[in-house]
Amino acid sequence: MLTAALYVPHCCVSRYAKLNDPALWLSINRTSGQIVTIATLDRESTYVKNNVYEATFLAIDNGSPPASATGTLQIYLIDINDNPPVLVPREAQLCERVNRNTNGVNITAADSDTDPNAGPFVFELPNYPASIRRNWTISRISGDYARLGLRYQVYLESGVYEVPILVSDSGNPPLSNRSIIKVKVCPCDRNGDCTTLGAVAAAGLGTGAIISILICIIILLCEYLSQFKDQKTKNTSATPEADVNFQKILRKYEVFLLALSF
């Protein structure tokens with residue numbers, strides 16, 4: 001608890017009051033002018049500027065009309081290691097089959113604390129589940145950056161993989177945080193961008209399922225065009241009956257897609 005006092009010669013002061021305390025952390029005794037904390041002071045608060053918290057108080061005399069004087073209290077807050085680092089980014093893309101020396105995801109961490117309670121950071125893969133260390137690797141780039149990639153001769157199917165990473169700061173003692181990065185593994189073009197087919201596959205569908213969906217779409221269009229052609233042959237325009245038939249075809253298509261999802 002912090003204790004301070006607003007001092008003005010008592011011959012004239014009848015009471016003390018708080019003028020501005022943006023975070024509502026302080027209280028002042030109306031008679032003695034003693035100031036005490038009534039909440040935990042947080043250096044990372046938006047009310048703290050350059051590690052300094054300011055509050056203003058009034059000393060009011062007993063004149064008629066009463067006059068007042070203003071006093072400003074500045075509290076310098078020292079940083080403690082009370083915030084674990086957070087992994088950045090939380091989502092990334094990785095090409096499926098390219099040179100492992102160039103293929104990887106640069107990762108770093110964000111920490112609300114300041115030096116020496118922030119970086120350099122330590123990035124590690126957890127021991128459990130075992131597949132994480134078997135498939136993935138982390139190499140250090142600098143004090144604040146590392147690279148996440150697939151191990152040599154490890155090839156994963158297209159899809160989204162959740163990779164847990166342990167991030168520790170340099171505080172004493174250090175704080176750690178287990179974060180998840182979602183990595184989309186997909187076949188890429190020459191520019192290193194996910195191909196359209198690869199993006200769909202990475203969403204969780206295999207190549208066979210994708211081809212089946214495309215065939216189903218073609219069949220759906222052929223059926224609809226065939227019925228539309230029959231309507232034209234009879235010299236009639238599209239009717240509500242044709243719309244009903246189209247809805248039936250669409251329902252067949254939806255049932256087929258549902259079966260594929262299993």
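Every number here is computed from the coordinates shown, using simple stated rules; none is lab data. Nothing here was measured: the structure is a model prediction, and the numbers come from that model. Cβ coordinates were reconstructed from backbone atoms using ideal geometry, including for glycine residues, and neighbour counts include every protein chain displayed.
Couple of notes before you dig in:
- Here the simple spin-label model places points 7 Å from the Cα toward Cβ, and for R134 and T56 these points are separated by 6.6 nm.
- Counted by neighbouring Cβ atoms within 10 Å, the residues E44, E162, E96 run from fewest to most as E162, E44, E96.
- Cut-off 13 Å between beta-carbons: net charge of the residues surrounding F57, Lys and Arg +1, Asp and Glu -1: +1
- Neighbour net charge for F121 - beta-carbon separation under 14 angstrom, K R +1, D E -1: -3
- Sites R147 and N127, calculated FRET efficiency, Cβ-Cβ separation with R0 35 Å, nearest 0.05: 0.95
- Ranking of D111, D189 by neighbouring Cβ atoms within 10 Å, starting from the fewest: D189, D111.
- The slack in the chain from T37 to S112, taken as 0.36 nm per residue of separation less the alpha-carbon distance, amounts to 24.7 nm.
- Sorting V185, V52 by the number of Cβ atoms found within 10 Å of their own Cβ, with the fewest placed first, yields V52, V185.
- Inter-label distance, E162 to E223: 3.7 nm, where each label sits 7 Å from its Cα along the C-beta direction.
- Nitroxide proxy distance, nm - points 7 Å out along Cα→Cβ at Y76 and K49: 1.8 nm
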